[in-house]
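**Student:** Dropping the structure in here first, questions after.
The values are calculated or read from the model by the stated rules, or taken from the named source; none is laboratory data. Please read these numbers as outputs of a predicted model, since none were measured by experiment. When we count neighbours, we look across all protein chains shown, and the Cβ atoms used for this are built from the backbone with ideal geometry, even at glycine.
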Amino acid sequence: MKKDFLLFGSLLVTTALSGAVSCGGLTPSAGGSGGLSAAVALVEILNCPQTMDLNSTKALSVVTKDAQGNTVSVSTVSLDSDAPHIASTSNQSIRSEYPGEASITASAEGVDSAPCRVKVKAPQNSKSVRALTDNLDEDHWGQNNNFKTVSRGKVLWQTVLSSGDTEIWMGGTNGQATRLKTVAGGDVDFMALGSGASSNGVLASWREDLSNTFASEGLGSPVPLGAQTQEENNIADGCLFFRKGLPDNDIARFSIGAGLSTPGTTGDLYGPVTSGCQAVWEERGAASSSLVYFDGTSAKPFADGLPAFPSYDFRNGRAVYVSGGDIYLYDATASSPQAVNLTKNPGLAHASPKTDGNSIVYLRTVNGDHEVILYDIATGVSQVISTTSDVKSGSTLQIDQRQAIWKEGADLYFFDGDTASKVNSAPATEVNEPHLADGLVVWHSPTGPLTDSEIFVME
């Protein structure tokens, strides 16, 4: 538990506040100001927020009183959160970090306040669908693409013109879009979009003519990275990781500030997944594969004996993967990192784990039923968020900020942080290559028979 120790001189400690709403059902009473010699009998948080949006901050107002109800001065008040990954305390305030519930307690001279229960809400999504594009050309992510094309309210796509040229576009849910580049008569594939180095920035990447890699910071001019024969890629926090194709099969890294480097050169390497400019990738051997963790400086294996193309994911220093039919967690942020078996039942079919760094989703099959399981890393508690007889697509399963998407046959399902439901995708007639980030879901689809493909967003 994280404690925030606050000096009295800077804390919003107050005498009786007329009309103040008390956290935990306590009501402040009027009284005179006392000195340090008066014993504290009551500590109250006067403005418990109860609910908070993600990434918001709320200053707290705390009062300390003696047994007679008089406000007394204290030298130090501490704030404590029982779930700092959900709601942290700092600088006399609560900051919402991740969807869920947390209890905040104020303490002074050995006396604790009633818990202030705070629910941090998941990103809002009304499940309304609309098209971001409306033209007679083909709009989609291109070939060879399983990589996210949405981040921080921005979407990356390509438009294939009747002339054979390809336009690369970045747009937002406000309906505005900017053309980043026109590729004359060429192929564009391996498109990806992820968070940038700044708090609201994004970084985009794509490959042209099966060879040349480009990167663009937001709406900036595309930066050529050269003929990398680039394959799988992944972007987050201003860092692009990708596999340099044959004959190298090395892992390359690029950022606008640091340029291009090659952190992975040992063996045949595949499938980098990045977070915080660290990464996890596959090292493929003659008989089996290993997973390698790159901490930003050096790389080391942490799981071996895996099949080629193992199923894994990585976020915020935490990697998840399948081994022997079970789901494993490798937490590189722990003091002594080690792989932990979360399911411990290889008799069941566990598959396709994905993580947002705080939660894990994965698929499980039990007696013919196909389930999606949500696992909370901090508490170790798992819950079934979907059970149907239809097979769920592991390649479409994604999680971000405790929300999740997946496909069952032609249908898209969305877990909003509380409940899962089938998405009414109209006016889209299909859901192709869906992606989820920051509460937004995007995909491409025709709008009717024999029509061109458009880009759709559910927000």
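**Student:** From Ser103, Ser88, Ser93, which residue is closer than 30 Å to Asp438 by Cβ, free of Cβ contacts under 8 Å to residues at least 24 places away in the same chain and not assigned by TED's automatic domain parsing to the domain that holds Arg318?
**Tutor:** Details: Ser88 fails: free of Cβ contacts under 8 Å to residues at least 24 places away in the same chain; Ser93 fails: free of Cβ contacts under 8 Å to residues at least 24 places away in the same chain.
Among Ser103, Ser88, Ser93, only Ser103 is closer than 30 Å to Asp438 by Cβ, free of Cβ contacts under 8 Å to residues at least 24 places away in the same chain and not assigned by TED's automatic domain parsing to the domain that holds Arg318.
**Student:** Tell me the strands (runs of 3 or more DSSP E) entirely within segment 55-112 that contain at least 1 residues that are among the aliphatic types (A, V, I, L, M) and either surrounded by 21 or more Cβ atoms within 10 Å (Cβ to Cβ) or out of contact with any Leu (no Cβ under 7 Å at 6 or more places or on another chain) (or both).
**Tutor:** Output list reads 61-65, 76-81, 87-90, 93-96, 100-108.
The rows are residues; the columns are (1) under 23 Å from the mean Cα position of the chain (by Cα); (2) among the charged types (D, E, K, R); (3) buried (at least 23 other Cβ atoms within 10 Å of the Cβ).
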| site | (1), (2), (3) |
| --- | --- |
| Ile373 | yes, no, no |
| Gly380 | yes, no, no |
| Thr387 | no, no, no |
| Thr396 | yes, no, no |
| Lys407 | yes, yes, no |
| Asn432 | yes, no, no |
| Leu436 | yes, no, yes |
| Gly439 | yes, no, no |
| Ile455 | yes, no, yes |
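**Student:** Determine whether Asp268 is of a type outside the set (S, T, N, Q), under 22 Å from Leu210 (Cα atoms) and assigned by TED's automatic domain parsing to the domain that holds Arg179. Steps first, answer last, please.
**Tutor:** Values: of a type outside the set (S, T, N, Q): yes; under 22 Å from Leu210 (Cα atoms): yes; assigned by TED's automatic domain parsing to the domain that holds Arg179: yes.
Taking the combined requirement at face value, the residue satisfies it.
**Student:** Quick check: anything in segment 158-174 under 23 Å from Ser298 (Cβ atoms) and either polar (S, T, N, Q) or under 20 Å from the mean Cα position of the chain (by Cα) (or both)? Spell out how you get there, then give the answer.
**Tutor:** Here is the first cut: in segment 158-174, the ones under 23 Å from Ser298 (Cβ atoms) are none.
For segment 158-174, residues under 23 Å from Ser298 (Cβ atoms) and either polar (S, T, N, Q) or under 20 Å from the mean Cα position of the chain (by Cα) (or both): absent.
**Student:** Pairs please, first residue from segment 243-263 and more than 15 Å from Ser205 (Cα to Cα), second anywhere and surrounded by fewer than 16 Cβ atoms within 10 Å (Cβ to Cβ) and modelled with pLDDT of 95 or more, Cβ atoms under 6 Å, 6+ apart in sequence or on different chains.
**Tutor:** Asp250/Thr262; Asp250/Thr265
**Student:** If Ala299 passes every condition in (1) more than 18 Å from Thr396 (Cα to Cα); (2) exposed (fewer than 14 other Cβ atoms within 10 Å of the Cβ) but one, which one does it miss?
**Tutor:** All conditions pass for Ala299, except number (2).
Each row is one residue, and each column tells you yes or no for (1) outside any loop (DSSP other than H, G, I, E, B); (2) polar (S, T, N, Q); (3) on the phi < 0 side of the Ramachandran plot.
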position: Trp169; (1), (2), (3): yes, no, yes
position: Ser199; (1), (2), (3): no, yes, yes
position: Trp206; (1), (2), (3): yes, no, yes
position: Ala215; (1), (2), (3): yes, no, yes
position: Asn233; (1), (2), (3): yes, yes, yes
position: Phe242; (1), (2), (3): yes, no, yes
position: Ala252; (1), (2), (3): yes, no, yes
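For (1) within 30 Å of Val72 (Cα to Cα); (2) touching a helix residue (DSSP H, G or I) at 6+ places or on another chain (Cβ under 9 Å); (3) touching a residue at least 60 places away in the same chain (Cβ under 8 Å), each residue gets a yes or a no:
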position: Ala114; (1), (2), (3): yes, yes, yes
position: Ala122; (1), (2), (3): no, no, yes
position: Lys127; (1), (2), (3): no, no, yes
position: His140; (1), (2), (3): no, no, yes
position: Asn146; (1), (2), (3): no, yes, yes
position: Glu167; (1), (2), (3): no, no, no
position: Asn174; (1), (2), (3): no, no, no
position: Asn212; (1), (2), (3): no, no, no
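**Student:** Same structure again: Answer with yes or no whether Pro247 is more than 27 Å from Pro434 (Cβ to Cβ), out of contact with any Leu (no Cβ under 7 Å at 6 or more places or on another chain) and not in a loop (DSSP other than H, G, I, E, B).
**Tutor:** Working: more than 27 Å from Pro434 (Cβ to Cβ): yes; out of contact with any Leu (no Cβ under 7 Å at 6 or more places or on another chain): yes; not in a loop (DSSP other than H, G, I, E, B): no.
Taking the combined requirement at face value, the residue does not satisfy it.
Condition check ((1) closer than 30 Å to Gln176 by Cβ; (2) modelled with pLDDT of 95 or more; (3) polar (S, T, N, Q)) across all residues:
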| position | (1), (2), (3) |
| --- | --- |
| Ser216 | yes, yes, yes |
| Pro224 | yes, yes, no |
| Gly257 | yes, no, no |
| Val280 | no, yes, no |
| Glu283 | no, yes, no |
| Ser289 | no, yes, yes |
| Phe294 | no, yes, no |
| Lys300 | no, yes, no |
| Ala303 | no, yes, no |
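**Student:** Of the residues Thr51, Thr57, only one is outside the structural domain of Leu156 (by TED's automatic domain parsing), under 30 Å from Lys422 (Cα atoms) and touching a Lys or Arg at 6+ places or on another chain (Cβ under 8 Å); which?
**Tutor:** Working: Thr57 fails: under 30 Å from Lys422 (Cα atoms).
Selected residue: Thr51, the only one of Thr51, Thr57 that is outside the structural domain of Leu156 (by TED's automatic domain parsing), under 30 Å from Lys422 (Cα atoms) and touching a Lys or Arg at 6+ places or on another chain (Cβ under 8 Å).
**Student:** Ok, one more. Inside segment 261-311, can you point out the residues that are outside any strand (DSSP E or B) and under 16 Å from Thr333 (Cα atoms)? Working first, answer last.
**Tutor:** Taking segment 261-311 as the starting set, the residues that turn out to be outside any strand (DSSP E or B) are 265-267, 276-277, 285-288, 295-298, 307-311.
Selection gives Gly276, Cys277, Asp295, Gly296, Thr297, Ser298.
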